[in-house]
Each structure stands twice: as C-alpha cells, then as structure tokens.
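Q: Just passing along the structure, written as structure tokens.
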Amino acid sequence: MWLPFLGLVLGLALGLLTNIQIPSIYENYLSIAVLAALDTLFGGIRAQLQHVYDDKVFVSGFFFNIVLAAGLAFLGVNLGVDLYLAAIFAFGVRLFQNIAIIRRILLTRLDEKRHNKKKTSIE
Amino acid sequence: MKMNNKKQNSKGNFFTRKQFELLIVCITTGFIIGYSYNQAKDNRQTSAIKSELFEQEDSYREELIEQQERNKELTEEANMLQEKIRHYEKKFASNEKDSKKLVQEAEDLRLLLGDLNSEGKGIRITLQDGDYDPKSANPNDYIVHESHVFKLLNELKISGAQAIAINGQRVMANSYIRCNGPVITIDGKQHPAPFVIEAIGDSGTLRASLNLSGGVVDQLLNDNIVVSLEENQKLMMPNVKIES
C-alpha cells in the first residue's frame, strides 16, 4: 500500500528538481497531461474499490490517455481550433465522476461497518 | 516478464508485477504534477520580475521628465536674465554715448553666439545635390559635402553676417560641422540635403561677396551643386536651445 505513495513522492521530487524550461506554447500539453494522469489514477482507485481492477487496462489507459490528450492538443494547435478543451472537458467530467463514485463507495462501506458493529454490540 | 518473475521470487509476494506497474504510473503522475508546478512557479516569478522592471522604468521616466521640465525652467530664467542685461546695457548706452559702440559690439557678439533670437534682413542660400546618373557617375562628385558648407559659412562670416543658421539650426562660433555620408552633422544634429543656409546681415553685401567671379558660388557650381540665392526682408532665427 505504501509503494504507490512512495512512487508519487519520488515523482514529485523528480519533477520539482528538474529545471528544464519548455516553451510556453507547450504548457497546454502539460495541463492536459496532468488531467489525464489524475483521471487515470482515480479511475484505477475506483476500479479497485469496485473489484473490476485490471492492471493491463490501467497501465495502457494511463499512457494511452496521456498520448491521446497530447495528440489532440497538438492537432488543435495546428488546426487553430482549441481541441484541447475537449480533452480537458472529458477528463474533468470523468475525474469528478470517479471521485464521486469513490466517495459513495467509501461512505457505504463506513455505514456497513457501523451497522455491523451495532449488530455485534446488540448481539 | 522474466525479470518481474525473478523479482517476485526474490522478494516473495512483496513486489508483484501489478505493484511495479502501479509504481511506474505513480512516478509518472508525480513527475508531471511536480514539473508543471515548477513551470507555473517560474512563470509567476518571471511575471513578478517583469512588473518590477516596468515600475522602475516608469519611475525613471518620470524623473527624466521632471529634469527636463526643470531644464526648461532654467533656460527660460537664463533668457530672462539675458534680456535684463541687455536692457541695462541699453540704458547705460543712452546715458553715455561713448560706450554705444561697445554695446553694439556686445550685441553683435551675442548674435554670433546665438544667445538671442535674431530677426532681420538677410539672405537665404539653398544647396542641393546635383542630378546624376548613379550608374555612370560617381555620386561623390555630385553631392554637397561639408567643405562646401564651410566655404559658404566662411564667406558669409567674412562679409559680415550677424547670425547664421543651417536648416533652422543656429550655427555658433564654437559649432562643429561634420560630414556623415549623405548628411552633415551640426553640433550632433543630423541634417540631410538640401541645406538651407540663412544669414542675417546686409543682404546686398552678402550677395555681392558670394557672387564674386571665381568666388564661392562659382566654385560650388563647378562642383555640380545646385545653388539658389534669395534675398529676404525678414528672416527669423531661433536662439540656441540646449537640448536635454
């Protein structure tokens, strides 16, 4: 359980320590990549809680989503249409949905636990 | 796959393939987030520095404007004092006729120095580059050089010009003229051809001295320069302004 958090911290440290400047044109790509990564991460947590987690789907979804979002942004920049908005919208909606589902699952589990405790105490 | 299996074997159930993949995903996510945070921080800093520089520039500009205004005030004050001195001198002259000549001389010198606005009868000479075919002729033989201007100025001074201006800029006793390709520089200010040289003085004398056979005008014409002379009843010349 501690491994993903360790990885997150390690990645954060790496990202904070790298001092490479990218041109401001590519900042759109970065924001989309952040959204895609977060979306996939929460999607994975949700799948785990719903007992439908599949690591192949998770990993492929992670990288594929990032690449797709960046590609869409690239296309949008070249066509002069703000296509990256589509990616931001899709990922944003999914992020909220995933977090909502996670919250509900956790709430129902908490309720069940309390219920069980009561039951045991009554018994 | 094999490597993962080995790891799995060596560490038991501790480090499974699933966890390994999860670790990579987490590292990537962390990296992206950290990197964009860094980027945003850099942007914030640069924009802050920029606004600081703008403020500095603004304050310097204001200071400059203030100084220029002060300069203007001081110039006005100097002009006023000059006028006062003249007034005193004139008063003095009316009292003592002997010193009238001296006052006249001071007046002439002042005009020559360019301390006063000058106004009066005079002559206007325009020097223009000659027409030439740039393919067949050397343009140097046809354009007005500073030596031509020198000759003209010298002749004008000899014949008693009280005040001289080139393209509206007063030429003082200590002015310098420099050739600078197609333009000439007078006290640091560039002037292109045609050069309009105005001189205040006895226009008859000035004209006669310029038109002497073998004189300045003849020499200039010989150098393919278009010269036009014009007597003027009322020429106005500004006094010398010290630009800040």
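The values are calculated or read from the model by the stated rules, or taken from the named source; none is laboratory data. This one's a predicted model, so the numbers in the text were calculated from it and none came from an experiment. Glycine also receives a Cβ, built like all others from the backbone with ideal geometry; neighbour counts cover every protein chain displayed. Accessible surface areas use protein heavy atoms only, side chains included; no ligands, DNA or RNA. Shrake-Rupley method; radii C 1.70, N 1.55, O 1.52, S 1.80 Å.
Q: Any idea of the accessible area per residue across the stretch B:126-244, 1.4 Å probe, to the nearest Å²?
A: Per residue, the stretch B:126-244 has an accessible area of 53 Å².
Q: In chain B, carbon and sulfur make up what percent of the accessible area (probe 1.4 Å)?
A: So the carbon and sulfur contribution to the accessible surface is 53 percent.
Q: Be a star and scan the stretch A:25-62 for residues whose amide nitrogen sits under 19 Å from the point 7 Å along the Cα-to-Cβ vector of residue A:93.
A: Residues A:32-33, A:35-44 fall inside that zone.
Q: Say the dipole of the protein assembly as shown comes from +1 at the beta carbon of Lys and Arg and -1 at that of Asp and Glu; which of A:6, B:79, A:121 then lies farthest toward its positive end?
A: The one lying farthest along the dipole's positive direction is A:121.
Q: Also, quick follow-up: Can you give the FRET efficiency for residue A:109 and residue B:37, using 1/(1 + (r/R0)^6), R0 = 35 Å, r = Cβ-Cβ distance, to the nearest 0.05?
A: Given R0 = 35 Å and the Cβ-Cβ separation, E is 0.60.
Q: Which value, in debye to the nearest 20, gives the size of the charge dipole of chain B about its Cα centre, when Lys and Arg are +1 and Asp and Glu are -1 at the Cβ?
A: 2100
Q: Stretch residue B:48-residue B:133 to full length: gain in nm at 0.36 nm per residue minus the Cα-Cα span?
A: Net length gain for the segment: 24.8 nm.
Q: Mind checking the per residue accessible area of the stretch B:46-121 for me, 1.4 Å probe, whole number of Å²?
A: 87
Q: Quick one: grab the alpha carbon gyration tensor of the stretch B:105-244, order the square roots of its eigenvalues as a ≥ b ≥ c, and give me rounded if a/c is under 1.5, else prolate or oblate depending on whether a/b is larger than b/c.
A: oblate
Q: Could you report chain A's accessible area per residue, 1.4 Å probe, as an integer in Å²?
A: 69
Q: Continuing with the same structure: Counting chymotrypsin sites (Phe, Trp or Tyr not before Pro) as exposed when in a DSSP loop with at most 16 other beta carbons within 10 Å, what is the longest stretch of chain B free of them?
A: B:16-131
Q: Hey, can you list the residues from the stretch A:27-70 whose accessible area shrinks by 30 Å² or more with all protein chains present, relative to the chain by itself (probe 1.4 Å, no ligands or nucleic acids)?
A: Residues of the stretch A:27-70 that lose at least 30 Å² of accessible area once the other chains are added: A:27, A:30, A:34, A:41, A:53, A:55, A:58, A:59, A:62, A:63.
Q: Percent of accessible area on the stretch A:24-119 owned by carbon and sulfur, 1.4 Å probe?
A: Ligands and nucleic acids excluded, carbon and sulfur reach 67 percent.
Q: Oh, and also: In square angstrom and rounded to 100, what buried accessible area do you get between chains A and B, total over both, with the probe at 1.4 Å?
A: 2600
Q: Placing +1 on the Cβ of each Lys and Arg and -1 on the Cβ of each Asp and Glu in chain B, which of B:188, B:148, B:171 has its Cα farthest towards the positive end of the resulting dipole?
A: B:188
Q: I'd like the orientation of helix A:55-79 relative to chain A: the angle between its Cα long axis and the longest Cα principal axis, in ° from 0 to 90, rounded to 10.
A: Relative to chain A, helix A:55-79 is tipped by roughly 30 degrees.
Q: Let me ask something else about it. Set the Förster distance to 41 Å, then compute FRET efficiency between residue A:20 and residue B:69 from the Cβ-Cβ distance, nearest 0.05.
A: 0.25
Q: How much length is gained if the chain between residue B:229 and residue B:172 is pulled fully straight, taking 0.36 nm per residue apart and subtracting their Cα-Cα distance, in nm to one decimal?
A: 18.3 nm
Q: On a 0 to 90 degree scale, rounded to 10, what angle separates helix B:100-113 from the longest Cα axis of chain B?
A: Taking the Cα atoms of chain B, the angle to B:100-113 is about 30 degrees.
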